[in-house]
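First up is the structure itself, then whatever we jot down about it.
The values are calculated or read from the model by the stated rules, or taken from the named source; none is laboratory data. Everything numeric here is computed off the predicted structure, so don't read it as measured data. Reconstructed Cβ throughout: ideal geometry from the backbone, glycine too, with neighbour counts over all protein chains shown.
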Amino acid sequence: MSTGLTLENALLVAVALAMALGVALMIVGGTRGLLVRWRERRLTRRVAALRGRLEEHASGGFQDVERLFVELRAVDDPQQTDAVLRDVGDFEALEPGARDRLRALYDRLGLLTLHRRNLRAAPDWRARADAALVLGSLAVVDAIPLLVEAIRDPDEDASTVKAAAARALGMMTAPGAPELLVAELAQPGDWSAPRIAEVLVEMGAQAVGPCLDGLDHDHANVRAWCCRVLGRLGAREAVAPLRRRLLDRSGPVRTVAAEALGLLGDVSATPGLAEVLGRDPAAQVRAAAARALGAIRDPAAESALVDALSDPDPWTRTCAVEALERLEPADGEALLEVVRSGREEASRAAAVALERTGHVARWVDELSGAPAGRAEALEGWLVLVARRGGGGPIEGALATSPDLAVRARAARLLGRAGDPEATDALARACGDAEWPVRLEALRAWVEVAAHEDEPAVLLDALDDGEELVRVAALEGLVLRGAMAQVPVDRLPALAGQANLEARVAALDGVRGTTSERDVAMLLRQDPSAELRASAVAALGRVVDGVGDDVFAALLEGLADRDERVRSAAAAALGHIEALEATDALVRATFSAGPALREEITSVLADRGLDALWDALDAFMASDREEARLAVLWTLGKMGDPRGVPLLTAALADPRPKVRASAVGALGKIPGAETAGALRDALADPDGRTRAAAVNALGRLGEGGGHDAVGAGLRGALRDPDPYVRGRACVALGRLGDVEARGRIAEEGGAGAIVGLALLGEPDDAALLGGLLDAGLGGLDAALEAEEPGVAARVRAFLGVPDGVERVGWLAELRVTLSGSRDPEERLRALELLAGAEGGEPPLGAVVSSDPDPRVRRRAIALLAQRAGVGDPGLLRGLRDPDPDVRRAALAAGARLGSGAGAAVLACADVDLDATVAALVAVYRRTPVQLADLLMGASLEWERRAAIAALGRLGARDLAPLLHALLDDPSAGVRAAVVVALAQLGDDEALTQAATDPSPAVRTEALRGLVAAGAFPVVQSSLAVEPVVAVRVAICEALAAGDGGGVLAVAIDDAHPTVRKAALLGCLGAGTFDAFVDGLDRLDPVEAQVVRGEVARRGLGGALRDGMAGPAPVRAAALRAMAAVDPATFEDALLRGVDDEEAAVRQAAVDGLARCTSVAARNAVLRAARDEDEGVSRRARAAVAGS
Amino acid sequence: MSRRILVVDDTPELVRTARRRLQAAGYEVATAADGLAALEAIEQSVPDAVVLDVMMPHLNGFQVCRRIRAEPAWAHVKIVMLTARTSAADQFWGEQAGADRYLTKPVDPVQLADALREVLDDAGGA
């Protein structure tokens, strides 16, 4: 019981205690809460009381820091203190003194320590970011490493804390901060380095000095970022150091140095950047240099940028294009030259550059109203550029130009360019309001559209109101093989059009279709013989179902007045086996010329003897000689032995021509029966028949029947006709009939020569000589010699192709020359005729009428060798549409004759130099006539050519005329006048022209004055010359002469390009000391560029040449060698040590002292014992120095 | 020696008038009634100048003009286009085809003779 009570009591006590403890805790908790709230209220009250005073402190720039410290210490809550301080003062806006005092206050209050700790250790990102901003705004320099550490911390939050740290660094305007930041750039880090660089940029001028120092930092990162910062800061004082960085060993540094120089925009950087653009091994550096040159916009960079269009790196080329675009070169000639170069990538880049620089658009605009020659040139350029992708403005003009001429030309140009991307634009232009535009667009569309493109524009244009457009549409459909898309019921109407070209196109278009027969029948009686021939040929293709109407049409064709139609009809009838067709064909031979006869007999022969027996029998019985000949020719073509009886019978024909033809035909059919008949023919009363029999027997003998023919041929050696005997000599020679040698030798003549050659004597040289002496007969015989050892050599010697065997090959060549459709064949025929004795090709006719410019050009060249003065063929050549033909005609020079002047002048647009040369040749005795021509010329290039020719002719009497032309509005003409006046030695006029408003004219005038040695005038002109290119050109001219004095002055020119030209000119002019002095005065980078140019242009030769001069020149040359590169010229310096003159030896020692080779060192040691005190002293000093 | 003129037009009245006027002016005159006949006539004998109508059967004046200009042997032949078509487009195309002068119908025979004299004078005197 007691235990139970005890436990119960204990439990009660425990509960009571627990309750008491809870109550106590509640009281304590409540009391603490009350205490906290009380303290907060007290703090708030204090802060509120302080705020007013703090605002007074802030507005007063925190002057009384001590008092403030006491008041704030009483707050006794760092966070509240910090909060209230930041609440009343905008730290970032504080002037430096107030900021420094506030920073000291923060330090004494322990707040800086708090923020330093928070920056890296506070768990809350807001506290870390806040700390960074406080440290930054108070410029706590020793916090920079912490801030940088925060930036680099890969785990730190980038958008808040890192950003705040970066911003804080930007506020660090305290001394020493930029240096610390620059040093931090050495650490790699994708995130931090750009931010630090931004901070440095924000610091402005304060960062310039440390960044300049950073350019020489060991670490490439620092150098690179400093380049970038300096560029962004626009620090002009950084130009020279940045130029040096263009030669940095690190590619990225060179890249950003170039970029920075671009941002700075200083022209003094141009030479260095141009050098880098042309030579740097790293593509990204070259690209950066190109961009920088574009940003600087110095015209002197144009040539380097144009060269860069050929860079192997596509991005560099693109940058060069963009740079040129910014440069806006006034003259697109250099770019055009690159487009013409044919180097694919460069050419494309240059074309794009021309488009972007506005040249293409200007050329398109200029097309309207340009004179014919200029328009032709412009069109050529535009096509060239458009083919390389620069044709945007042409398309633009097609769509928007108000001038129909421009739109039409634009369409034509797009077609010539063949750019498929222009298809849509051209299709739209097919709906242009003006028909010439529609016509050109339609033709161009056919050129450029892809084959799979639907020809809707062409089909629509068949209904165009303008005839020429309809014709073009039809031709386009034919060209594209799209006639099938034309409704069949429209074809007759198309073929029946009034316009011939439409009818031609319609016939072409239906080829191979079911409509071909109908259209051909319609057109077989066309007024155009060409179209009639085409229609008849088309009827010949209608193999199936030839009806009477077609047959009748073909027979009509065979009787057509035009041989082309008859030939087509013969070919067509060859497909028809009916007797009537054979009959018609044979009859057609009666009046046929050789070509048609050949064609008809071939057609007949192809049909075979079985099909022809009846017809041949009938015609052999005819009274008409022509009918019998036709049979014989056909039988000869067939070569069928069954025809021999018919041929043998013909040997008795009363007409010699028939008998000769029968013999010729028999010779093509081997056999004993044939040989007998031919032997009989050797007794024919007609010489031509006997000669034919000899030839035929020879051929039979070569086929293996020597025994059957030998006796007959030997008998022919006694023939009364020498021609027959000659043929017999050749035939026997071919057969190797040595028994006949003596008789052949007695015969003599061309045939005998060949015969003996075939028998093994005489040698080839004698053979060929004999052949040439013998003339055409000898040639004919030789060509018929089928024995390889003779015929091949003769053919090779004469240039006669294989296969030409029969007599009259020259005539055959003439036929080929005038009639072959293959230009290669015509060209070969022309060459053979020109080279063969008696060939006499009709050169004038070829120049006039051959459609191929190569053939005409060759004919002109031959005329130029053999024609008389003023030959009409040469004059026609001058007017040829092909520029190369005109050039060839110009080459005829003196043979052109004075009457050719105007025509010669008109060639000036093709080849100015050749035109001038021709004019000089034509007018060498009558320059006054040339002056007349000049005054009558309207085109600029014509006048320029005439003026240049007058200058070359030295026509001093005409100087007043040239003086008057110095007022010509065209600068090109004035420049040409100046060149001519220089050739006449008219210094006074040149001096006047040296003040011309055109740089080109001034350049020529000053060149002339340089050549005349008028150096005082040149020097004074150079001093006031505003155009860099002119000054450079003059320096280059001075280099070729004795203008060293002027060059020595030009070395101090304000523009680096001129300075470089002047310095290099000094080498050419032999003023080596001026070169050395000038090089010393140059900026190191610029000097390095000059040294590189010396090597690149091979000017070292001029220095070596100087060693042949007197002692002062030799010494100066050695000094210049040492200044350029002593190692390169070490051989000359070594020789200089042994020179007889002490001054030269001294210069050599100075140079060798800078060489590192053993030979150089030994030479200097030897010179230390030189007899001349000056030399030995320099050598000893060099030894001591090394 | 008088200059040879080829007048090409499919309107007989115009051809007759032109022939009379030009013969009176001292020219030797040949005629053709269409473009094809004109080319055949030129092949037979090359004239010094051609007066060329534009709208003709077989080959129109532009086509004939272009064919003449494409033939080097005929490069010296002067061409006066004569047409009722007066638009800038027609004139432009005439120049493109290679005509030396473009006259619009109706044309005064005196004006035609003057135009011929001018183009032939340009070529070196009548």
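Check whether at least one residue in the stretch B:104-111 is surrounded by fewer than 22 Cβ atoms within 10 Å (Cβ to Cβ), free of Cβ contacts under 8 Å to residues at least 40 places away in the same chain, β-branched (Val, Ile, Thr) and within 14 Å of another protein chain (Cβ to nearest Cβ), and report yes or no. No, the stretch B:104-111 has no match at all. Scanning the stretch A:1126-1146 for residues being buried (at least 17 other Cβ atoms within 10 Å of the Cβ) and acidic (Asp, Glu) gives a total of 2.
Can you name every residue in the stretch A:505-526 that is within 14 Å of another protein chain (Cβ to nearest Cβ), at pLDDT 80 or above and either part of a helix (DSSP H, G or I) or within 21 Å of B:Phe62 (Cβ to Cβ) (or both)? A:Leu523, A:Asp526, listed by residue number. Within the stretch B:25-36, the only residue that satisfies the criterion of being of a type in the set (A, V, I, L, M, F, W, C), within 11 Å of chain A (Cβ to nearest Cβ) and buried (at least 20 other Cβ atoms within 10 Å of the Cβ) is B:Leu36.
Having 1 or more residues that are of a type outside the set (A, V, I, L, M, F, W, C), crowded, with 18+ Cβ neighbours inside 10 Å and modelled with pLDDT under 90 is the bar; report the helices (runs of 4 or more DSSP H) wholly within the stretch A:254-345 that clear it.
Output list reads A:302-308, A:314-327.
Residues in the stretch A:632-660 that are within 19 Å of A:Glu598 (Cα to Cα), over 60 Å from the mean Cα position of the chain (by Cα) and aliphatic (A, V, I, L, M): A:Leu632, A:Leu635, A:Leu647, A:Val658, A:Ala660.
Looking across the stretch B:48-69, the residues that are at the interface with another protein chain (Cβ under 8 Å from one of its Cβ atoms) and in a helix (DSSP H, G or I) come down to B:Phe62, B:Gln63.
Taken over the stretch A:1057-1075, the criterion of being assigned to a helix (DSSP H, G or I), over 36 Å from the mean Cα position of the chain (by Cα) and surrounded by 24 or more Cβ atoms within 10 Å (Cβ to Cβ) is satisfied by A:Phe1072, A:Ala1074, A:Phe1075. Filtering the stretch A:874-885 to residues that are touching a helix residue (DSSP H, G or I) at 6+ places or on another chain (Cβ under 8 Å) and more than 11 Å from chain B (Cβ to nearest Cβ) leaves A:Leu874, A:Asp884. Restricting attention to the stretch B:70-94, the residues that are at pLDDT 85 or above, within 13 Å of chain A (Cβ to nearest Cβ) and farther than 26 Å from A:Val504 by Cα add up to 2. Of the residues making up the stretch A:427-460, those that are more than 30 Å from the chain's Cα centre (by Cα) and of a type in the set (Lys, Arg) number 2.
Can you confirm whether B:Gly98 is within 12 Å of another protein chain (Cβ to nearest Cβ), out of contact with any Asp or Glu (no Cβ under 7 Å at 6 or more places or on another chain) and modelled with pLDDT under 80? No, not satisfied. Within the stretch A:307-324, residues that are under 14 Å from A:Glu337 (Cα atoms) sit with their Cβ atoms under 8 Å from residues that are not in a helix (DSSP H, G or I), at 6+ positions apart or across chains, in these pairs: A:Ser310/A:Ser341; A:Ser310/A:Arg343. Here A:Gly1092 does not fit the description of being touching a Leu at 6+ places or on another chain (Cβ under 6 Å), closer than 22 Å to A:Ala269 by Cβ and of a type outside the set (A, V, I, L, M). The C-beta contact set for the stretch A:505-518 (first residue within 15 Å of A:Arg480 (Cβ to Cβ), second residue of a type outside the set (A, V, I, L, M, F, W, C) and surrounded by 20 or more Cβ atoms within 10 Å (Cβ to Cβ), distance under 6 angstrom, 6+ apart or interchain) comprises A:Ala505/A:Glu475. Going residue by residue through the stretch A:557-568, is there one that turns out to be buried (at least 21 other Cβ atoms within 10 Å of the Cβ) and in contact with a Ser or Thr (Cβ under 7 Å, 6 or more places away or on another chain)? No, every residue in the stretch A:557-568 fails to be buried (at least 21 other Cβ atoms within 10 Å of the Cβ) and in contact with a Ser or Thr (Cβ under 7 Å, 6 or more places away or on another chain). Only one entry in A:Arg470, A:Arg524 is crowded, with 20+ Cβ neighbours inside 10 Å, of a type in the set (D, E, K, R) and farther than 28 Å from A:Ser567 by Cα, namely A:Arg470. A residue that is surrounded by fewer than 22 Cβ atoms within 10 Å (Cβ to Cβ) and closer than 22 Å to A:Ala529 by Cα occurs nowhere in the stretch B:11-21.
Among the residues here, A:Ala908 qualifies as under 24 Å from A:Arg1002 (Cα atoms), outside any helix (DSSP H, G or I) and within 30 Å of the chain's Cα centre (by Cα).
Can you tell me how many residues within the stretch A:487-504 are within 14 Å of chain B (Cβ to nearest Cβ) and part of a helix (DSSP H, G or I)?
Number of matching residues: 6.
Of the residues making up the stretch A:880-905, just one is assigned to a loop (DSSP other than H, G, I, E, B) and modelled with pLDDT under 75, namely A:Gly897. For the stretch A:1033-1056, taking the residues that are crowded, with 22+ Cβ neighbours inside 10 Å, among the β-branched types (Val, Ile, Thr) and assigned to a helix (DSSP H, G or I), the one that is farthest from the chain's Cα centre (by Cα) is identified as A:Val1046. Being free of Cβ contacts under 8 Å to residues at least 24 places away in the same chain and surrounded by fewer than 17 Cβ atoms within 10 Å (Cβ to Cβ) holds for only one residue in A:Gly33, A:Gly97, and it is A:Gly33. Among the residues of the stretch A:152-164, which ones are of a type outside the set (Ser, Thr, Tyr) and either in contact with a Ser or Thr (Cβ under 9 Å, 6 or more places away or on another chain) or over 16 Å from A:Ile196 (Cβ atoms) (or both)? A:Arg152, A:Pro154, A:Asp155, A:Asp157, A:Lys162 - these are the residues of the stretch A:152-164 that are of a type outside the set (Ser, Thr, Tyr) and either in contact with a Ser or Thr (Cβ under 9 Å, 6 or more places away or on another chain) or over 16 Å from A:Ile196 (Cβ atoms) (or both).
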